[in-house]
Each structure stands twice: as structure tokens, then as C-alpha cells.
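The values are calculated or read from the model by the stated rules, or taken from the named source; none is laboratory data. The structure presented is a predicted model; accordingly, all values stated were derived computationally and were not measured. When we count neighbours, we look across all protein chains shown, and the Cβ atoms used for this are built from the backbone with ideal geometry, even at glycine.
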Amino acid sequence: MSAFHDRNGQAYCEDLALSTIAKEVGTPCYVYSKRSILNQCSSILSAFSTYPVLACYAVKANGNISILKEIFRSGFGADIVSQGEMERSMRAGVDPKKIVYSGVGKRADEITAALRTGILAFNVESAAELEMIATLAADRGMVAPVSLRVNPNIDARTNPKITTGLFSTKFGLAEAEAKALAERVRQLPSLRLVGVGCHIGSQIVDVAPLAEAAMRMSQFAVGLRELGHELEFIDLGGGVGIRYKEEAPPSMESYAAAVLGAVKPTGLKLLIEPGRLVVGNAGILLCSVLLTKRTPEKNFLIVDGAMNDLIRPTMYDSYHAIHAVKTAAGPLEKYDVVGPICETGDYFGKDRELPACVPGDLIYLASSGAYAASMASNYNSRPRAPEVLVDGSEYRVIRRRESLQDLWELEL
Ligand SMILES: Cc1ncc(COP(=O)(O)O)c(C=O)c1O
């Protein structure tokens, strides 16, 4: 049974009624299921259990420290893209030797901090970055572990804004350049080449491009080995999608089978960087209805959550299922579910059928565990919503609601 389900006409998270959380914590509010997160972690690891794998959770998907703790305790490492994500992960108890540092624009101070932390690898995306890491490591008498992120020019067939494996994007190195940089590493005693990798995009529901990327990376790694480069791992990034609406993402087993078929013959350790897959369907955004508004064209349901709490519909045109918390309510109405922000783009869903709502009714947006709270902002001077972690019939507030004072606390 899904962690979010109906029981006696009420929506529950695990064994706790969402209405209880709304009453005690208020809305808008993110609610996560601990059981669902742990189940995802173990199903990912068990799908790969026949081969040496390190799963580095992409902290950007949801970086709440309490959630990170659960994920790291399950055996995961971290895929980070900033010093902030590294420090969060360290506070949550990650083993620094399980951290990979991705991103096209690492700052010198961030690289230095990661060198001091002693991470597993820097995923290098340009010649300039390679030289910068080499200099910073040499200045400190250190040897930096680097992995070359290749851009395999494979279309992940997902939203263009989260497609990262095409030459038209800013990510990764063409194979020829990566090969040249591997040679360059040999000349730089402050660098050690430990891996190669790629990340072709996010919310990928077709296993074929993932399998193709695995094959290309494996062939590339073998080619480097033939040139005398000793590698430790292949990193295939994240990107496996989840079901928001009618998508049919690959099962963990079929994903594992597809990539292991390519990687196994190399004998190299496999790294993966799942984010959305771990937390996406383990969270919801709980909102209250403020009012309904009928115009000659539309019927609007105006709720207290907004695009600053969940920007995915605005940013990617993405779909989130919207449910009433009181599930046994009467006749259905068609609504555009919108927030109070002064942008037409501030919407959660259009022409959605919901029970006729009155002010104070509760609704929730499904599949809001990933890229929701972590992408939240204070736009329109809206305090960010709290986060709640449910465990059975209990819950804990794992991030308090921001106060109005928090909004201007840093302003001088
Ligand atoms: C380098 C890298 N790894 C992993 C991820 C996680 O992707 P996902 O949440 O789709 O698994 C991302 C997301 O953008 C990324 O850029």
C-alpha cells in the first residue's frame, strides 16, 4: 500500500491522518513518509546487490538533514553540487569517502573545503575546472581524486530543462576532450584519475537512453584503461524517473539489469546518483483552500500553497496529482488549482476534478518529495513552509515554519 492512502474517507500518511498534521502544524506544509523513503533506499540497493555499487543520493532533490540521516543510515553516500550540500550531508553523518561533487561551476573556496573534507571524487566538467582543482590541491600538498564527466550526446527524452546529456547543454566533456584531460591528469601530480561518468538528465522514464549511456561509459572506461589509466569506478549519475501521472518508469530491477549488463564486463565499481527516485513519491504538499472564485471562463480553487512552495508546474509544466484530504466528499467540480502569488504562472493544476470545496478544506499535491521544498523560495515575502516526517502514527517537524521575522532577519 502507498504511504499516502485513503482510510475511512480520510487521506493518511502511513498511520496518521493528514488532517491531524494540518490542525497541529498548519498549512501549507510538506509531509514525508519515513517508511516510503526507507523502502526506496532498500529497493534501489537490493536491485544492485549482485555487483559492487555505491549509491550517492542527489542531495539537491531534498536536503533536509533529518531526511539525509535516514538515507545515509541506509548505506547511501551523497552527490553534492555546492559546499552547502556538503556541509548538510556531513551534519547528517555521511561518510566523506562516499561524497561525489558534481556541477559545472565549483568555486575555489568550495573546492578547498571539499579537499579538506576528503571526498571520494570531484566530477570534473571542464579543462578550466581540472586545472583549478590541480592548483588548489598542489598548494595544499594534496592529491585530489577526479572523475571525468562525459557528455555522451544522448537524448534522455525528458523535459528540455532537465536534459543534460546533449552537446547543446552546458554539461560534461566530449569524449575526445575527456580523453585529453585524462592524459593531462597524468602530468599533474596533484591529481589522481579515479573514474568516468555521465548524467544525461532527470525524470527519465525510458530505460533505453540510460542503457545506452551505461554502454558508452563502459566502452569509454575500457578505452582509457587500454591507454594505461587505472580507474576505480563508472558513475552513471541519477535521472531514473517516477510516476507522477501515467508515466511508466522502469522498475529498479530492469534499470539495474540494463546498466549492469554494460558495466559488469569492465569490473569497475558502479556509482549511481538517484535523487527523485528516493524521495519524489515519499512526500506531499498539504494545503488549505482559501476560497473559490468563479469567472465566466474558469472555476478557481485558491489555496494557501503557491509556486514558491512547489515550482515544478510553473517551471516545467509538470503534473502533480491533486487530492482532497476528505476523500468521501460529494459531487465533483472542475477547478484550476492556484496559489495566491501575483503571477498567472502560479498554478498547481488546471481543470482538475475535485469534490466541491469550501474555505478551510484540505487538499494535497502528490509526489512532492523531490524538487519541492529544496526549490522553495520566499517570493512575494512568503515564509517557507514547514516539513514534517511521519513515522507510523507519529510525526516530527523536521523544519519549522519560517516566521515573518525570518524574512528580513538577514537584511541590513
Ligand atoms: C549530476 C547529477 N546527479 C544526479 C542528479 C539527480 O537526478 P534525479 O533526481 O533525476 O535522480 C542530478 C539532477 O539534476 C544531477 O545533476
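Starting from residues that are closer than 14 Å to Asp206 by Cβ and of a type in the set (Val, Ile, Thr), keep the ones in the range 140-161 and report whichever is nearest to the ligand (Cβ to nearest atom).
Filtering first and then ranking leaves Thr158.
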- Message: Out of the residues in the range 82-136 meeting the condition of being within 16 Å of the ligand (Cβ to nearest atom), among the hydroxyl-bearing types (Ser, Thr, Tyr) and in contact (Cβ under 8 Å) with a residue 40 or more places away in the chain, tell me which one is nearest to Val194 (Cα to Cα).
- Response: Ser102
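Among the helices (runs of 4 or more DSSP H) lying completely within the range 1-76, list those that include at least 3 residues that are within 16 Å of Ala366 (Cα to Cα).
Numbers: elements: 18-25, 34-47, 65-73.
The qualifying helices (runs of 4 or more DSSP H) are 18-25, 34-47.
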- Message: So, in the range 180-205, how many residues would count as being within 23 Å of Lys170 (Cβ to Cβ) and within 16 Å of the ligand (Cβ to nearest atom)?
- Response: 10
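Where in the range 210-307 are there strands (runs of 3 or more DSSP E), lying wholly inside it, with at least 1 residues that are away from the ligand (no atom under 16 Å from the Cβ) and of a type in the set (Ser, Thr, Tyr)? So that I can check it myself, show each step before the final result.
Numbers: elements: 233-235, 269-272, 283-294, 299-303.
Once the strands (runs of 3 or more DSSP E) in the range 210-307 are filtered for at least 1 residues that are away from the ligand (no atom under 16 Å from the Cβ) and of a type in the set (Ser, Thr, Tyr), what remains is 283-294.
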- Query: Name the pairs: first residue in the range 152-177 and under 15 Å from Gln219 (Cβ atoms), second residue in a loop (DSSP other than H, G, I, E, B) and within 11 Å of the ligand (Cβ to nearest atom), Cβ to Cβ under 7 Å, at least 6 apart or on different chains?
  - Reply: Pro152/Gly165; Pro152/Cys198; Pro152/Ile200; Asn153/Gly165; Ile154/Gly165; Ile154/Ile200
- Task: Residues being surrounded by 15 or more Cβ atoms within 10 Å (Cβ to Cβ) and out of contact with any Leu (no Cβ under 9 Å at 6 or more places or on another chain): count how many of those fall in the range 314-338.
- Result: 6
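Which of the residues belonging to the range 114-130 are among the small types (Gly, Ala, Ser) and over 23 Å from the mean Cα position of the chain (by Cα)? Full working, then the answer.
Step one: filter the range 114-130 for residues among the small types (Gly, Ala, Ser), giving 114, 118, 121, 126-128.
Scanning the range 114-130 gives Gly118, Ser126, Ala127, Ala128.
I'd like to check which strands (runs of 3 or more DSSP E) are fully inside the range 321-388 and have at least 1 residues that are at pLDDT 95 or above and assigned by TED's automatic domain parsing to the domain that holds Asn64. Step through it out loud before you land on a result.
Details: elements: 322-324, 332-338, 347-355, 362-365.
Per the criteria, no element qualifies.
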- Item | Residue check for Gly223: over 22 Å from Ala144 (Cα atoms), crowded, with 21+ Cβ neighbours inside 10 Å and not aliphatic (A, V, I, L, M) | no
